[in-house]
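A.B. asks: Below is a structure I'd like to ask you about.
The values are calculated or read from the model by the stated rules, or taken from the named source; none is laboratory data. For clarity, every value in this text was computed on a predicted model and none was experimentally measured. Methodologically, a virtual Cβ is constructed for each residue, glycine included, from the backbone with ideal geometry; neighbour enumeration extends over all protein chains shown.
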Amino acid sequence: MRVAIIGAGVIGLSSALCIHEQFHGLVPSLELEVYADHFTPHTTSDGAAGLWQPYLSDHGNLQETLWNKETFDYLLGHLHSPEAKEMGLYLISGYNLFTEPVPDPSWKNIVLGFRNLTPKELQVFPGYSYGWFNTALMLEGRSYLPWLTNRLTQRGVKFFHKKVESFQEVSGDGVDVVLNCSGMRAGDLQPDPELQPGRGQIIKVQAPWVKHFIITHDLKSGIYSSPYIIPGTEFTVLGGIYQHGNWSEENSAKDHKSIWDSCCRLLPALQKAKIVGEWSGLRPARPSVRLERESIRLGNLQAEVIHNYGHGGFGITIHWGCAMAAARLFGSILQEKKQLARPPGPRL
Amino acid sequence: MASPKVAVVGAGLIGLSTALCITEAYPSCSVTVLSDQFSPSTTSDVAAGILIPHTDLDTPIHRQRQWFKETFAYLFAISNSAEASEAGIHLVSGWQVFKSTPKEELPFWSDIVLGFRAMSEAELQKFPQHQFGQAFTTLKCDCPPYLLWLEKRLKATGAQMYTRKVADLWELHGEYDIVVNCTGLGAHQLVGDKQLFPVRGQVLKVHAPWVKHFIRDGDGLTYIYPGIHTVTLGGTREKGNWSRSPDPGTARDIFDRCCSLEPSLQGAQDMEVKVGLRPCRQCVRVQREVLSKGGVKLPVVHNYGHGAGGFSVHWGTANEAAHLVGECISALQGSSSRAKL
């Protein structure tokens, strides 16, 4: 049984790992292959700061809230494992700031210690009159993706550096299931007008005295269009750009100035921070994540495709829940192909 | 007395902050800092500099509270300014955890730090050996940066600093009008204060940039304080131990205790071991004294004996000591005008 995974960002690699973990024991002939034009450190996931935090509102999409929770709990469970450092996983606390009161988010009981900010805390952030404090997790792509790659390599998963132009390309060759984790480029494989870029730009600085994430919100402009500061292990990320429909991956001087000025206003000490890099990337935005099966007729062959893309700016936040869901879809495919007597339950 | 000459003996946290308070309150003074050690070789340089007060046994709580409140407010303002990184001042959040619920669940400083509250059950899961905990956000003064920044501010006021070992306060008579004694543990020798005793503290400074929170065991012995470039792991409280040499067995023990609080520290790199002798006393001595010898007088202001809690109260005691210096100046001006009559 050959499975081709298209895409080697956080979604592709984690889906591959999840499927291999669950099924390699049950399906001895299982062979996984990852195809991608970009590998770490050149994927979208590598550019993200890595903060676990969903958007402010789930728009009633309870399924996504559940996947977010699964991801958080899964990561929290790994926090004390010896792998945590290599995964780029650690606890981080911080602030979400608003200029007016807002309802509590869907994730308030998922994170740790969620509470409103006190008046004294708000003094740190002039211009903001309301906010939250909570403890969440960081999962740095630049560490997590290599960690996933190592786990997959150990398991005998093969990697191919190739831009896949169509599902036929991989499925025609005797591949039984295709996992479409192509993120922003999913539209190249199958048109999807709902998938649009949410362009972001970030500045990387040396500011090791910053120990908290600080995310401001402008309810009129929308998510990520207001300054944010996220401290990593090697540098701190300054951001605040979200441009829907902009496909450019070139750094813009105008966006640089906007990020720099607004972040320095938020944290005056940043004026002395040294800039060590800049990056632009395209969040694969979609009204909801596309996570579903599709049978594709390719000539006289039928291929099963599992789509898992469109995670916008919350890919890291939701990745494991989606990987588990993709694995369940894979299980049902196996059942249908009579490869499995019944779906795998929890190991006793 | 046109321009009183003030000598501040000691260039640790207390000496430098006191000197700065004096220059700010009494700009007509000329202030000189004299010390055998300057940063990075002072006791203060070893400390993590976290603002979590220790309860002084003899000082009234309201006075300790006032000192802490003043210190917190002063550092809070710096942390919000463009100077924060140079001054080494930053906010840090974290947890104080207890193996059994403490008698006093609300310490006297709980409303001065930010966001103080009891930890939730979910948060306590991270600490399986601990039953109870407090979460809050406080400030940290990284040394040497903070001390170097104080030195820079002092120099800007025109204050002088000299490396000099003062063996006897009377040495300074004639050269200086008022002496401020900020010699920490040195006061044991310098002014013969036998109430002063060292409480030896050994710490490790490691590179572990993924540690963004402080974790402190309520027993005060085990703690993890993330600074700008390194994380301070501690510690020990060895009463009466004068040894400044790092002990390898102790280092291993500290590391093990910290790893049990924060397992990811197993991956920490570049360990440096340091020792500091906390200048402990039943209570901090912030007091005015007029030394007298053969009809000659020497006004002295003492500001020492801060034990484990120096950083938490330093600005408050510096202000109080500066105020006492003001009293000395008035007394001198009073007596000099009487002398003119």
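A.B. asks: Here are A:GLY312, A:GLY299: which of them is at positive phi and crowded, with 17+ Cβ neighbours inside 10 Å? Spell out the reasoning first.
C.D. replies: Working: A:GLY299 fails: crowded, with 17+ Cβ neighbours inside 10 Å.
It is A:GLY312.
A.B. asks: Separate question: Modelled with pLDDT under 95 and either surrounded by 14 or more Cβ atoms within 10 Å (Cβ to Cβ) or closer than 25 Å to B:SER44 by Cβ (or both), is that true of B:ASP270? Lay out the reasoning, then the answer.
C.D. replies: Values: modelled with pLDDT under 95: yes; either surrounded by 14 or more Cβ atoms within 10 Å (Cβ to Cβ) or closer than 25 Å to B:SER44 by Cβ (or both): yes.
Here the answer is yes, as B:ASP270 does meet what is asked.
A.B. asks: Restricting to region B:42-69, name every residue that is under 14 Å from the mean Cα position of the chain (by Cα) and either assigned to a helix (DSSP H, G or I) or within 27 Å of B:ILE178 (Cα to Cα) (or both).
C.D. replies: Those that are under 14 Å from the mean Cα position of the chain (by Cα) and either assigned to a helix (DSSP H, G or I) or within 27 Å of B:ILE178 (Cα to Cα) (or both): B:THR42, B:THR43, B:SER44, B:ASP45, B:VAL46, B:GLN64, B:TRP67, B:PHE68.
A.B. asks: Got at least one residue in region A:278-291 being within 16 Å of the chain's Cα centre (by Cα) and free of Cβ contacts under 8 Å to residues at least 40 places away in the same chain?
C.D. replies: yes
A.B. asks: Which of the residues spanning region A:24-45 are surrounded by fewer than 22 Cβ atoms within 10 Å (Cβ to Cβ) and within 30 Å of A:GLY240 (Cβ to Cβ)?
C.D. replies: Residues satisfying the conditions are A:ASP37, A:HIS38, A:PHE39, A:THR40, A:PRO41, A:HIS42.
A.B. asks: Against the condition within 14 Å of chain A (Cβ to nearest Cβ) and over 30 Å from B:PRO60 (Cα atoms), how does B:GLY249 come out, does it pass? Working first, answer last.
C.D. replies: Values: within 14 Å of chain A (Cβ to nearest Cβ): no; over 30 Å from B:PRO60 (Cα atoms): yes.
For B:GLY249, the condition - within 14 Å of chain A (Cβ to nearest Cβ) and over 30 Å from B:PRO60 (Cα atoms) - is not met.
A.B. asks: Could you look through region B:225-239, keep only residues that are in a loop (DSSP other than H, G, I, E, B) and out of contact with any Asp or Glu (no Cβ under 6 Å at 6 or more places or on another chain), and pick out the one that is nearest to B:ILE254 (Cα to Cα)?
C.D. replies: The extreme case among them is B:GLY235.
A.B. asks: Let me spell it out: the conditions are (1) of a type in the set (A, V, I, L, M, F, W, C); (2) modelled with pLDDT of 95 or more; (3) surrounded by fewer than 20 Cβ atoms within 10 Å (Cβ to Cβ), and B:VAL313 meets all of them except one. Which number is the exception?
C.D. replies: Unmet condition: (3).
A.B. asks: Would you point out which residue out of A:PRO268, A:PRO231 is within 14 Å of chain B (Cβ to nearest Cβ) and touching a Lys or Arg at 6+ places or on another chain (Cβ under 8 Å)?
C.D. replies: A:PRO231
A.B. asks: If you don't mind, another one. Identify, by number, the condition in (1) surrounded by fewer than 22 Cβ atoms within 10 Å (Cβ to Cβ); (2) facing chain B (nearest Cβ under 9 Å); (3) in contact with a Lys or Arg (Cβ under 8 Å, 6 or more places away or on another chain) that A:TYR90 doesn't meet.
C.D. replies: With (1) surrounded by fewer than 22 Cβ atoms within 10 Å (Cβ to Cβ); (2) facing chain B (nearest Cβ under 9 Å); (3) in contact with a Lys or Arg (Cβ under 8 Å, 6 or more places away or on another chain) applied to A:TYR90, the lone miss is (1).
A.B. asks: Could you tell me whether region B:252-259 includes any residue that is at pLDDT below 95 and touching a strand residue (DSSP E or B) at 6+ places or on another chain (Cβ under 9 Å)?
C.D. replies: So far as region B:252-259 goes, no, none of its residues is at pLDDT below 95 and touching a strand residue (DSSP E or B) at 6+ places or on another chain (Cβ under 9 Å).
A.B. asks: Looking only at region A:177-204, filter to residues that are in a loop (DSSP other than H, G, I, E, B) and more than 20 Å from the chain's Cα centre (by Cα); which one of those is surrounded by the fewest Cβ atoms within 10 Å (Cβ to Cβ)?
C.D. replies: A:PRO193
A.B. asks: Before we move on, is A:CYS322 within 14 Å of chain B (Cβ to nearest Cβ) and under 26 Å from A:LEU56 (Cα atoms)? Can you show your working first?
C.D. replies: Working: within 14 Å of chain B (Cβ to nearest Cβ): no; under 26 Å from A:LEU56 (Cα atoms): yes.
The answer is no for A:CYS322.
A.B. asks: Okay, next question. B:GLN37 is checked against (1) in a loop (DSSP other than H, G, I, E, B); (2) under 12 Å from the mean Cα position of the chain (by Cα) and fails just one. What number does that condition carry?
C.D. replies: The failed condition is (2).
A.B. asks: Which residue pairs have Cβ atoms under 6 Å apart, sit 6 or more places apart or on different chains, and have a first residue in region B:231-252 that is among the hydrophobic types (A, V, I, L, M, F, W, C) and a second that is assigned to a loop (DSSP other than H, G, I, E, B)?
C.D. replies: Matching pairs, first to second residue: B:VAL231/B:ALA208; B:VAL231/B:VAL211.
A.B. asks: From B:ALA19, B:ALA77, grab the single residue that is in a helix (DSSP H, G or I) and touching a residue at least 40 places away in the same chain (Cβ under 8 Å).
C.D. replies: Criteria check complete, one pass: B:ALA19.
A.B. asks: Continuing with this model, one more query. What strands (runs of 3 or more DSSP E) completely inside region B:82-147 contain at least 1 residues that are surrounded by fewer than 18 Cβ atoms within 10 Å (Cβ to Cβ), at pLDDT 95 or above and within 9 Å of chain A (Cβ to nearest Cβ)?
C.D. replies: Because the criterion is at least 1 residues that are surrounded by fewer than 18 Cβ atoms within 10 Å (Cβ to Cβ), at pLDDT 95 or above and within 9 Å of chain A (Cβ to nearest Cβ), the strands (runs of 3 or more DSSP E) in region B:82-147 that meet it are B:114-118.
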